[in-house]
Number of protein chains: 4
Amino acid sequence: MPGSQFVLTLSCSDQPGIVATVSAFLLARGQNILDAQQFGDVETGRFFMRVVFAPTSGPASLAELRKSSGHTVAARFTMTYRLHDRHLPQRVMLLVSRFDHCLVDIIYRWRTGELAMIPTAIVANHPAEIYNGVEFADIPFHFLPVSPASKIEQEQALLDLIDRTNTNLVVLARYMRILSENLAAQLAGRCINIHHSFLPGFKGARPYHQAHARGVKLIGATAHYVTGNLDEGPIIEQDVERISHRDSPADLIRKGRDIERRVLARALRYHLEDRVILNDRKTVVFTD
Amino acid sequence: MPGSQFVLTLSCSDQPGIVATVSAFLLARGQNILDAQQFGDVETGRFFMRVVFAPTSGPASLAELRKSSGHTVAARFTMTYRLHDRHLPQRVMLLVSRFDHCLVDIIYRWRTGELAMIPTAIVANHPAEIYNGVEFADIPFHFLPVSPASKIEQEQALLDLIDRTNTNLVVLARYMRILSENLAAQLAGRCINIHHSFLPGFKGARPYHQAHARGVKLIGATAHYVTGNLDEGPIIEQDVERISHRDSPADLIRKGRDIERRVLARALRYHLEDRVILNDRKTVVFTD
Amino acid sequence: MPGSQFVLTLSCSDQPGIVATVSAFLLARGQNILDAQQFGDVETGRFFMRVVFAPTSGPASLAELRKSSGHTVAARFTMTYRLHDRHLPQRVMLLVSRFDHCLVDIIYRWRTGELAMIPTAIVANHPAEIYNGVEFADIPFHFLPVSPASKIEQEQALLDLIDRTNTNLVVLARYMRILSENLAAQLAGRCINIHHSFLPGFKGARPYHQAHARGVKLIGATAHYVTGNLDEGPIIEQDVERISHRDSPADLIRKGRDIERRVLARALRYHLEDRVILNDRKTVVFTD
Amino acid sequence: MPGSQFVLTLSCSDQPGIVATVSAFLLARGQNILDAQQFGDVETGRFFMRVVFAPTSGPASLAELRKSSGHTVAARFTMTYRLHDRHLPQRVMLLVSRFDHCLVDIIYRWRTGELAMIPTAIVANHPAEIYNGVEFADIPFHFLPVSPASKIEQEQALLDLIDRTNTNLVVLARYMRILSENLAAQLAGRCINIHHSFLPGFKGARPYHQAHARGVKLIGATAHYVTGNLDEGPIIEQDVERISHRDSPADLIRKGRDIERRVLARALRYHLEDRVILNDRKTVVFTD
């Protein structure tokens, strides 16, 4: 294993001295900055920063680093911050309904080392048999069916499972059930959904049929954090592909699968690498 | 000048024998098919075709060709059709408001031979002085200011000008006044607008500010035929470009100019080359 | 199963009457044209056509159709043509080396019905164990190792397997061994390779390292028919993605996997749907 | 005019403390960091940084700032650096041959404020008359014809003009003459060329004809710094567009014009905003 690396992400009110203070702090703790990106939002006056650093002479573990009185810096600038050890992957739960293309894609990317994460569970509102041919790779599978009557219980079971598995992030990999406002609120900032349209166009159900009916010349997909307000959460990533009058709704669904899986995979990777910081109803994404 | 070439576009109910009949008809009149594209819409049962042909032994002018009893074929299949001589460019009127990037681009493409058309007039709701530095290239400029009170008169003046100049096509090249339903109806199928968003997202005013507020990761533009239903006309062409959290509304406007001008130019070229056929609220575009 | 559908692809010297003759021929045999695309190459004087049709009152099987004296039409125009029943999928052999992303992707697309084909075999120059976690879905797996000394025998074994399995198409899904000229010649027009660069840039080995060293701002992939002339075969499909100075060769390889698999999948689908016709060293691709 | 803003770009050997030292230095001089991007090249061990800052209590002019002993910081890290006042635009000379689409586009973008620069001269190897319809907007035009025999004199005249006009950057806006090695060396890092292909594919003459002959499915353009090694200079920006078998070389040239002008405009803007730093044979581009 290569040496330790840490990622610090922070946001606070913009003011002189933030970069100087943070970089001096790290230098004094024997840490070398490997990468840093920052953004000052002139509209809101918020400042956002992502720093990747590695110990030269200083602490090489998260626990030691946390003793380094970073909280005094954070307090001085009233910062919101997160500090992660790059070698401690996040724990991710995958939710899926009938269509399994995003699920299969994420499992494949995880298996080949492209997505640094620990899958804690696959949760489906369909039984395992329908995912015939999907290689679950020893990830525990949970069948949690849901009906209007059982929704409260099912969501409670989901929350229990999230707790029990120490899940950090929930991915709705074409999970076609709308989360209750309560569940959405509890998962704020740690639940990513893939919507099969280029939002804000074609919100709601059957977006490819909507797109076909409207006669658009490009279709797209949108990965966003889930909020209580359906299809209105902060957007992480989007992409599109060209279509033509020849494409039936079935063709759009087929072409859409490719867009959905690559948009979700990118958003997931950005999140896992701490590249995404919430900026009210929007995101700051420090891409590579 | 190279030899004559004609373009036939048609639509009718789909039924056996259309291609055979049309191609036999052309062969019998001494015409050689150079290019043909067709599309059967299984949803609506409509059939669409575009044929480019040139005389070998047959008529070499539109007038002669029209005597060839093509109407009997058209009647047999209840076809809607158009027949154009490729060497007789369409007559195009350009409407513009304050932002002149689309206007300048279209004039440049026309001047270099990329757009086969005859500009009949530039019509602006601002005086010529504000287009300082724009090379109008001897195209007549008309200042037709408009206010809520004068809208009916201004639109009548516009219609008179369209008639007087034998204009075939009106291009709203970032013309920021909404046409009345009456005018839109009169120009049905011969008026193209460029909307500065990826419709159906961000209809209405200030779409780049809307896009910025929503935090989308791509912005776009849409060229469509104008109908009485604002921003709902049949879409001809769309395109997008990637943006990031760093982009202010002013950046989006700047990046958007590039998208708008290339989307409008493509849509205009498709129309001028008879590549677009209306299919109810949508279009069939036979691209090259 | 829906009713019969056939695809006819043909090429010949361009001359008047081809479309009329072909469409009259089909009409007379009780066939209705559903889709047709054509292209006349003015440089070479060659004409290319793809026609999809379905029986109304005529023959509903390939065998019957072949009795319909289509050869007299073909002879008259000295046509090269192929006629396929859309319900009889082609038989496809998949060759792979160490990297399995294209293989996994093709199997998934086949399993979900996106690629209409019958996989006849997976052939690898590595043993099955290294594809740990790949769901082979009952496709026979053959381990055919190859060394410079054993190349002739290995290729003969490959050819035998192709014959024995009635394979129509061989796909080099990141198969990293160069075919001999002899084998390439025998598979002319029925062997597709995915090269991991935007050809003709970065031919040969380690193209992502070459791209990194040159500092290009986009990387790509190319699907092409295999010929004896390495990386020079007729191109079917290409695509690219944006990269930056931050991307290491390992990042390019990761991003490249996404491009490779979607370019190969598109090329494969085009081939399976008879959308590709060879035009000397190039291809005509009638996309949907 | 808004308050002063400065841009500092630097490169040096990567080592601990650079960010801390630079940011502390700026803070101590009463400067607030508005934007900062950095990159450590693990292969070469070089570190690159771009900082945008504005005075709060410190110096508000370049002259004052230069007295702030920044050279001691630079010396300590053996930095190469540049410091620009954002309100002092660079002086740019535009070279052009017969095709004027890039020239027209740059002039338009300059006129609308999109490109912050001062055009010092338009230099052409054709007389002004052939640019009929181009609005030179009072930029001095120089006709400097060139033949093999007169090349040395012509290049000397060019250099004299560059000196006399205090030109900082030379843009080869489809200037079709190859600069001598001597001139290329003298303009190292301050001369941008647009090549009409996706390098390294199709170097040299008539790249669109080469692309057509090879049958590629995408064409592109490349903006790069000029070096003595033709078409091998560090790449700043590239882009591509999809083409098909239907596109003749003339179509590629037409589509290529759009790619060329937007790639060159982007590269030019990146350079003018000090977003590009040379990294040996490659570039680091801190995009917005």
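Key figures
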| quantity | calculated |
| --- | --- |
| Sites matching trypsin sites (Lys or Arg not before Pro) across the range D:97-130 that sit in DSSP coil, with at most 13 neighbouring C-beta atoms within 10 Å | D:98 |
| Ranked order, D:217, A:203 - accessible area, probe 1.4 Å, largest first | A:203, D:217 |
| Electrostatic dipole magnitude of the range C:144-221 [Cβ: Lys, Arg +1; Asp, Glu -1; Cα centre; debye, to 20] | 520 debye |
| Computed [θ] at 222 nm, helices only, for chain C once each DSSP H run of length n ≥ 4 contributes -39500 (n - 2.57) | -9000 deg cm²/dmol |
| Low-density loop cleavage sites - GluC sites (Glu not before Pro) in the range C:38-128, where at most 14 other Cβ are within 10 Å (DSSP) | C:43 |
| Rg/Rh for the range D:1-104, where both radii come from Cα atoms and Rh is the Kirkwood radius | 1.08 |
| Residue C:163 versus residue A:141: modelled label distance in nm, points set 7 Å from Cα along the beta carbon direction | 4.3 nm |
| Heavy-atom accessible area per residue - the protein assembly as shown, 1.4 Å, Å² | 39 Å² |
| In degrees, nearest ten, helix B:18-28 long axis to first principal axis of chain B (Cα) | 70 degrees |
| Unit charges on C-beta of K, R, D, E only; dipole of the protein assembly as shown, Debye | 0 debye |
| Violating pairs (Cα-Cα greater than 25 angstrom) within the set B:203/D:217; C:217/D:217; C:151/C:282; C:255/C:282 | B:203/D:217; C:151/C:282; C:255/C:282 |
| Contact order relative to length of the range B:236-288, as percent, for alpha carbon pairs under 8 angstrom and 6 or more apart | 35 percent |
| Rounded tilt (10° steps) of D:249-272 against the dominant C-alpha axis of chain D | 20 degrees |
| Scattering profile of the protein assembly as shown at q = 0.04, 0.05, 0.07 Å⁻¹ [log10 I(q)/I(0), Debye over alpha-carbon scatterers] | -0.23, -0.37, -0.74 |
| Normalised convex hull volume, the range C:47-186, alpha-carbon set, Å³ per residue | 158 Å³ |
| At 7 Å out from Cα toward Cβ: residue B:203 inter-copy label distances (nm, ascending) | 1.3, 5.5, 5.5 |
| ³J(HN,Hα), Karplus 6.51/-1.76/1.60, whole Hz, each residue of the range B:184-189, x for Gly, Pro | 4, 5, 5, 9, 3, x |
| Sparsely packed trypsin sites (Lys or Arg not before Pro) within the range A:1-72, loop by DSSP, other Cβ within 10 Å at most 16 | A:67 |
| Fluctuation leader among D:16, D:207, D:59 - chain D, Gaussian network, Cα springs under 10 angstrom | D:16 |
| Fraction of antiparallel bridges per DSSP, the protein assembly as shown only, in percent to nearest 5 | 70 percent |
| Rounded tilt (10° steps) of A:151-164 against the dominant C-alpha axis of chain A | 40 degrees |
| Per principal axis, descending, Cα span of the range D:136-288 in whole Å | 49, 40, 34 |
| GNM flexibility winner over chain B from B:245, B:209, B:142 (Cα, springs under 10 Å) | B:245 |
| Percent RCO, i.e. relative contact order, over chain D, from Cα pairs under 8 Å lying at least 6 residues apart | 15 percent |
| Per-residue ³J(HN,Hα) for the range B:124-130, Karplus 6.51 cos²θ - 1.76 cosθ + 1.60, θ = phi - 60°, Hz, x for Gly and Pro | 10, 8, 10, x, 4, 4, 6 |
| Position residue B:75, label points 7 Å along Cα→Cβ, spacing to each other copy in nm (shortest first, one decimal) | 4.1, 9.5, 9.8 |
| Nearest-first distances (nm) between copies at residue A:152, label 7 Å from Cα via Cβ | 6.1, 8.0, 9.5 |
| Residue with peak Gaussian network fluctuation, chain B [Cα springs, cutoff 10 Å], from B:273, B:241, B:260 | B:241 |
| Percent of Cα-Cα distances greater than 31 Å, calculated over chain B | 35 percent |
| A from B by rotation - nearest chain B beta carbon to the axis, in Å | B:201, 2 |
| Pair residue C:116, residue D:178: separation of 7 Å Cα→Cβ label points (nm) | 5.2 nm |
| Label-point separation, residue D:80 to residue D:248 (7 Å along Cα→Cβ), nm | 4.7 nm |
| Relative contact order for the range C:152-288, counting Cα pairs under 8 Å that sit 6 or more residues apart, in percent | 21 percent |
| Residues in the range C:1-44 reached by a label modelled at residue C:67 [backbone nitrogen below 17 Å; 7 Å Cα→Cβ] | C:29-31 |
| Given charges at beta-carbon only (K, R positive; D, E negative), |dipole| of chain C in Debye | 300 debye |
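The values are calculated or read from the model by the stated rules, or taken from the named source; none is laboratory data. In this text the structure is predicted, and so the values were computed from the model without any measurement. Methodologically, a virtual Cβ is constructed for each residue, glycine included, from the backbone with ideal geometry; neighbour enumeration extends over all protein chains shown. Accessible surface is based on the protein model in full, side chains and every heavy atom, while ligands, DNA and RNA are left aside. Shrake-Rupley method; radii C 1.70, N 1.55, O 1.52, S 1.80 Å.
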